[in-house]
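Q: My questions will all concern the structure given below.
Bear in mind these aren't lab numbers, they're just calculated from the coordinates by the rules spelled out. No experiment lies behind these values; they were computed from the predicted model shown. Backbone-built Cβ (ideal geometry, glycine too); neighbour counts: all protein chains shown.
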Amino acid sequence: MLNAIGFWITNLRDDALPSPQELVGDMPASLREQLASYLTAGHRFRQFRGYSWCRFDCGIQYSQMGSWDLTDGTWVWPEGLPHYVREHGIVLPSEFVAHVLAGAAPRQPSPSEEISADFWRQWSATRRSSEFLKALRTAQDSAEVWISAAKAELPLAVVEAQALHGGLRDLLREFSPAPRGSS
């Protein structure tokens, strides 16, 4: 069983996963670079249709965020996770950091190996921002009102995609700190 890390909220109805804005923290620059390099070197595990997008909406090309989940045979993460570590200063669980520092040899798991997000959900739940969760609930309510009003004129799938994905992007922009290195 692979332990998932670095998976983010995908739309306004997805409140089980964190936003990366909630996990920004301090870390020595050398450790941050070591972790980002390790993450970049992961084995390709599963590919998805379409690229991910930066939840900080920093302007990075979607193709640079990737479409793969990477792994070391113990942990699995989205291909764009090193970007969040390097560019946005997110922190990762001490259990993962210790694993990286221990220098265990990565292995390529079977493509059918199961993934568990339980650890990631539990770890990130202790770091959730009550301010962000309150704003998320407000955005959810606004989106549901908009969906109810618009679904009479547009296909429901289009309405929901615009409201839930677009609303999430607006919310995440509101909670994004200035890019690292800017003043």
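Q: Give the longest segment of the chain that steers clear of chymotrypsin sites (Phe, Trp or Tyr not before Pro) in DSSP loops with at most 15 neighbouring Cβ atoms within 10 Å, not counting the sites themselves.
A: Maximal segment without exposed cleavage sites: 52-183.
Q: Please express the shape of the range 96-141 as an equivalent ellipsoid: the semi-axes are the square roots of 5 times the eigenvalues of the C-alpha gyration tensor, given largest first in whole angstrom.
A: 33, 16, 7
Q: Rule-of-thumb check for the range 63-134: C-alpha Rg over 2.2 N^0.38 Å?
A: Normalised Rg, Cα atoms only: 1.24.
Q: Which residue fluctuates the most in the chain, going by a Gaussian network model with Cα springs under 10 Å, if the choices are G73, G103, G42?
A: G103
Q: What size of dipole, in debye to the nearest 20, comes out for the chain about its Cα centre when the only charges are +1 on Lys and Arg C-beta atoms and -1 on Asp and Glu C-beta atoms?
A: Using Cβ point charges on Lys, Arg, Asp and Glu, the chain gives about 200 debye.
Q: Any idea what the alpha-carbon Rg over 2.2 N^0.38 Å comes to for the chain?
A: Its radius of gyration relative to the 2.2 N^0.38 Å reference: 1.08.
Q: With r defined as the distance between the Cβ atoms of Q34 and R13 and R0 fixed at 30 Å, what FRET efficiency is calculated, to the nearest 0.05?
A: For Q34 and R13, the calculated efficiency is 0.25.
Q: Let me ask you something else. Please report the relative contact order for the chain, taking Cα pairs under 8 Å with a sequence separation of at least 6, and give it as a percent rounded to a whole number.
A: Rounded, it is 33 percent for the chain.
Q: Determine the percent antiparallel among the DSSP beta bridges restricted to the chain, to the nearest 5.
A: Restricted to the chain, the bridges split so that about 65 percent are antiparallel.
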